[in-house]
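The values are calculated or read from the model by the stated rules, or taken from the named source; none is laboratory data. As the structure is a computational prediction, the values presented were derived from the model and not from experiment. Note that we place each Cβ from the backbone using ideal geometry, even for glycine, and neighbour counts take in every protein chain shown. These accessible areas exclude ligands, DNA and RNA; they are computed on the full protein's heavy atoms, side chains included. Shrake-Rupley method; radii C 1.70, N 1.55, O 1.52, S 1.80 Å.
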Amino acid sequence: MTEEGSINLEEEIIEDPQEFFVHHRLVVDPGQESIRIDKHITNFIAGLSRNRIQNAAKANCLLVNDNPVKSNYKVRPNDVITIVLPRPVVSTKLIAEDIPLDIRYEDDDLMVIMKPAGLVVHPGIGNHTGTLVNALLFHLQNLPDKSNEQDRPGIVHRLDKDTTGLMVLAKSELAMTHLAKQFFDRTVHRRYVALVWGEPEPRDGRIEGNIARHLKQRQLMDVFDEPGIGKHAITHYTTIRQYGYVSLVECRLETGRTHQIRVHFKHIGHPLFNDAKYTGDQIRKGTVYTKYKQFVENCFKLIPRQALHAKELGFIHPTTGKEMFFDSELPKDLEDVVDKWERYMSR
């Protein structure tokens, strides 16, 4: 038997754009010789360096039989190896751009920013420049104590273009791996505030439904009741205030699917206020009077996007092990439209 032996390799690429990791599962051959696990893995996963494996081990993302191990662990026959890694960056020319960032916290490992509406996270079709990644490249290359040249700014989660709120960004391979594992394990605290049409019943509840691409409009997502279609998704919500025709709600995610809050609330008949993709840019509740219609149109002008804000974010620091928690104020457009509804209902 050679050092490499034979192997059963399963690889799952997480398709959800809000998930930025790859999960590998390897089963060691019954006749495998005892060698270091980092060397063993590189024999079977193309393009994976031992340095990345060692960083995964430091972040407790390298498991054998469901237990974390170090990179010098010697594999044994029939060991089940699992490793969670940040998804490889697609090779493309990225331009560093001087785009202002609202930084709420920063150290050598990570930074927490407040993402404004209109800022796309990743370069892509139609958005090759002007993205958060372009801004990060500029920010990191101008740091006085720039980290290792091989390290790259890491996006480990996403907010939609017109959703505002807190995001954590990795500045090293170790931090990216550790944070990716926390999102993989669903241990990251995320709490959102949204303005939705109508008054959800019950006031506090849980929305559960598989989410997948819409069958006809592929740029949208939809909820499917049929088993086996889409990815399991759960949203918990609490009503903060009700204004008769709209409600301010707080949402906590158990999962992180594409457009999860937006599509879940549309599914229960309460789309987000002014969410053009999910019918929230139409009057969904209220009177037929011209004055009311004009009032709503004025509200739409105040917040020309879906009324959704990522208000709270919590995670474990990758190197210190400290619990990190961040809270943020409502953005001005959302605060203004809520105040406008307050005044309207008081009259």
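For the chain, what is the accessible area per residue in Å² when the probe is 1.4 Å?
Result: 49 Å² of accessible area for each residue.
Taking only DSSP H segments of four or more residues, each worth -39500 (n - 2.57), what value at 222 nm results for the chain once the sum is divided by all its residues, to the nearest 500 deg cm²/dmol?
-6500 deg cm²/dmol
Run the paramagnetic zone check for R347: 7 angstrom along Cα to Cβ, then residues of the range 293-323 with backbone nitrogen under 11 Å.
295-296
Any idea what the relative contact order of the chain is, in percent, if you count C-alpha pairs under 8 Å spaced at least 6 apart? Walk me through the numbers on the way to the answer.
Numbers: 712 pairs, mean separation 49.3, N = 347.
The value is 14 percent.
Greater than 27 Å separation of Cα atoms is the criterion. Which listed pairs, K58/K161; K161/K216; K216/K340; K115/K285; K115/K277, meet it?
K58/K161; K216/K340; K115/K285
What FRET efficiency would be calculated for the residue pair T129, M324, taking the C-beta separation as r and a Förster radius of 22 Å, to the nearest 0.05?
Calculated transfer efficiency: 0.10.
If I build a Gaussian network model for the chain, linking alpha-carbon pairs within less than 10 angstrom, which residue out of T164, T287, T279 has the largest mean-square fluctuation?
T287
Over the range 207-252, what per residue volume does the convex hull of the Cα atoms give, in whole Å³?
So the per-residue Cα hull volume is 105 Å³.
Calculate the radius of gyration of the Cα atoms of the chain to one decimal place, then report Dmax, the largest Cα-Cα distance, as a whole number, both in Å.
Rg, Dmax (Cα atoms, Å): 22.8, 83.
If DNA, RNA and ligands are ignored and the probe is 1.4 Å, what is the ranking of T255, T187, T42 by accessible area, most exposed first?
T187, T42, T255
Given a 1.4 angstrom probe, I'd like the percentage of the accessible area of the chain that is carbon and sulfur, rounded to a whole number.
Details: 8120 of 16990 Å².
Within the chain, the accessible surface is 48 percent carbon and sulfur.
Of E335, E312, E250, which is the most mobile in a GNM of the chain whose springs link Cα atoms less than 10 angstrom apart?
Its mean-square fluctuation being the largest, the pick is E335.
Take the alpha-carbon centre of the range 246-294, take the same for the range 57-79, and report the distance between them in whole Å.
A separation of 46 Å, based on Cα centres.
Using 0.36 nm per residue of separation minus the Cα-Cα distance, give me the extension gain between F138 and H23 in nm, one decimal. Can you show the working numbers first?
Working: separation 115, 0.36 × 115 = 41.40 nm, distance 3.03 nm.
Length gained, F138 through H23: 38.4 nm.
Select from I207, A96, L132 the residue farthest towards the positive end of the dipole of the chain; place +1 on Cβ of Lys and Arg, -1 on Cβ of Asp and Glu, and compute about the Cα centre.
My answer, from the dipole projection, is I207.
Taking springs between alpha-carbon atoms closer than 10 angstrom, which of V75, V288, V193 fluctuates most in the Gaussian network model of the chain?
Highest fluctuation of the listed residues: V288.
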